[in-house]
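**Student:** Have a look at this one.
The values are calculated or read from the model by the stated rules, or taken from the named source; none is laboratory data. What you are looking at is a predicted structure, and each value in this text was computed from that prediction instead of being measured. Because the Cβ atoms are built from the backbone with ideal geometry, glycine has one as well, and the counts that use them run over all protein chains shown. Calculation scope for accessible area: heavy atoms of the full protein, side chains included, ligands and nucleic acids excluded. Shrake-Rupley method; radii C 1.70, N 1.55, O 1.52, S 1.80 Å.
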Amino acid sequence: MKLQVLGCSGGIGAGNRTTSLLLNDNLLIDAGTGVGDLGFDALVKIDHVFLTHAHLDHIACLPLLLDTVAGSRNRPVTVHATQATIEVLQRHIFNWQIWPDFSTIPDSANALLRYQVLETGDEVILPGVTIRALPALHTVPAVAYQLDSGTASVVFSGDTDDCTPFWESVNAIANLQTLIIETAFADHEETLARASRHFTPRRLLAALGQLRHQVDIRITHLKPADHEQIMLELLRDNSTNFAISRLQTGQIITF
């Protein structure tokens, strides 16, 4: 399987794109502004979108994606998310005020948008990959995802604070290859990070003491104003046995 990073920043500007990962050609993990760099032919191929949560930086391009491909597909785009996230989309986005309700276009029986509830512990089996929703802890209901090719697994944390059930789930994955985990704020923003349920370098390094696998760790969701400081602090203070590097837009992870 091939996982392409479309966006992995905690903000926009100066080439930054917010969170979205493309698995092979037809599946998105989150739908942040990175989706906007795909060509039309690539957008039409997307059949599934797995959302970690409902915050704007993770869903910004979903409405525009659906509008763009509406006349060029003969099958629905399935959005997989928790019931809480789906309700936010229905109430606040696809409500005919912010954006058309594509779950009724062209009609309910043949709609472009289909919702599939996916709660923590649930899994979806698709050709070549099994996707499992893992626990996460954020200011709104959220999940992480395990992407399992059968040979190896990648875990994407989404937005999360330190969460014992998350680490327990990760430790139970025998074929874990790569952990993509967020660190949104530098250490000087710890008060804000705690309030918004994000990691800082100091807190992530402490949390990694719960990880029992030797895996590749990639850092995502860095705020643009402090991205260099975040990585400096992580690498300077890393006393773990883990190799830590920054996830980059355009990067491809195979597993």
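**Student:** Inside region 93-151, can you point out the residues that are assigned to a strand (DSSP E or B) and either of a type outside the set (A, V, I, L, M) or modelled with pLDDT under 95 (or both)?
**Tutor:** Within region 93-151, Phe94, Trp99, Arg114, Tyr115, Gln116, Glu123, Thr130, Arg132, Pro135, Tyr145, Gln146, Asp148 qualify.
**Student:** Can you tell me which of Val35, Val88 is more than 18 Å from Arg114 (Cα to Cα), of a type in the set (A, V, I, L, M) and in a helix (DSSP H, G or I)?
**Tutor:** After applying the criteria, what remains is Val35.
**Student:** Scanning for something open to solvent by 10 Å² or more (accessible area, probe 1.4 Å), in contact with a Phe, Trp or Tyr (Cβ under 6 Å, 6 or more places away or on another chain) and assigned to a helix (DSSP H, G or I), does region 60-83 turn up at least one residue?
**Tutor:** Yes, region 60-83 has at least one match.
**Student:** Oh, and also: So which residues in region 198-212 are assigned to a loop (DSSP other than H, G, I, E, B) and open to solvent by less than 40 Å² (accessible area, probe 1.4 Å), if there are any at all?
**Tutor:** Within region 198-212, His198, Phe199, Thr200, Leu211 meet the criteria.
**Student:** Which of the following residues is touching a residue at least 40 places away in the same chain (Cβ under 8 Å), within 30 Å of Glu87 (Cα to Cα) and open to solvent by 10 Å² or more (accessible area, probe 1.4 Å): Thr220, Thr139, Thr183?
**Tutor:** After ruling out the rest, the residue left standing is Thr139.
**Student:** Out of region 95-119, which residues are crowded, with 18+ Cβ neighbours inside 10 Å and touching a helix residue (DSSP H, G or I) at 6+ places or on another chain (Cβ under 6 Å)?
**Tutor:** Within region 95-119, Phe102, Leu112, Leu113, Tyr115 qualify.
**Student:** Scan region 39-59 for residues that are under 13 Å from Val88 (Cα atoms) and either open to solvent by 20 Å² or more (accessible area, probe 1.4 Å) or among the aliphatic types (A, V, I, L, M) (or both) and jot them down.
**Tutor:** Across region 39-59, the qualifying residues are Leu51, Ala54, His55, Leu56, Ile59.
**Student:** Has region 9-24 got at least one residue that is hydroxyl-bearing (Ser, Thr, Tyr), in a loop (DSSP other than H, G, I, E, B), open to solvent by less than 40 Å² (accessible area, probe 1.4 Å) and touching a residue at least 60 places away in the same chain (Cβ under 8 Å)? Give the steps one after another, and end with the answer.
**Tutor:** Our first condition is that a residue be hydroxyl-bearing (Ser, Thr, Tyr); within region 9-24, this holds for 9, 18-20.
Now narrow it down to the ones that are in a loop (DSSP other than H, G, I, E, B): 19.
From what is left, the residues that are open to solvent by less than 40 Å² (accessible area, probe 1.4 Å) are 19.
From what is left, the residues that are touching a residue at least 60 places away in the same chain (Cβ under 8 Å) are 19.
Checking region 9-24: at least one residue is hydroxyl-bearing (Ser, Thr, Tyr), in a loop (DSSP other than H, G, I, E, B), open to solvent by less than 40 Å² (accessible area, probe 1.4 Å) and touching a residue at least 60 places away in the same chain (Cβ under 8 Å).
**Student:** Can you tell me how many residues within region 223-245 are surrounded by 18 or more Cβ atoms within 10 Å (Cβ to Cβ) and in contact with a Leu (Cβ under 8 Å, 6 or more places away or on another chain)? Outline the logic, then answer.
**Tutor:** Of all residues in region 223-245, those surrounded by 18 or more Cβ atoms within 10 Å (Cβ to Cβ) come to 223, 226-227, 230-231, 233-234, 244.
Now restrict to residues that are in contact with a Leu (Cβ under 8 Å, 6 or more places away or on another chain): 230-231, 234, 244.
Residues that pass the stated criteria total 4.
Table: residues versus (1) at pLDDT below 95; (2) more than 15 Å from the chain's Cα centre (by Cα); (3) aromatic (Phe, Trp, Tyr).
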| position | (1), (2), (3) |
| --- | --- |
| Gln210 | no, yes, no |
| Arg218 | no, no, no |
| Leu222 | no, no, no |
| Arg236 | no, yes, no |
| Asn241 | yes, yes, no |
| Phe255 | no, yes, yes |
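**Student:** Tell me, yes or no, whether region 162-171 has at least one residue that is touching a His at 6+ places or on another chain (Cβ under 9 Å), touching a residue at least 40 places away in the same chain (Cβ under 8 Å) and either aromatic (Phe, Trp, Tyr) or part of a loop (DSSP other than H, G, I, E, B) (or both).
**Tutor:** Among the residues of region 162-171, not one is touching a His at 6+ places or on another chain (Cβ under 9 Å), touching a residue at least 40 places away in the same chain (Cβ under 8 Å) and either aromatic (Phe, Trp, Tyr) or part of a loop (DSSP other than H, G, I, E, B) (or both), which makes the answer no.
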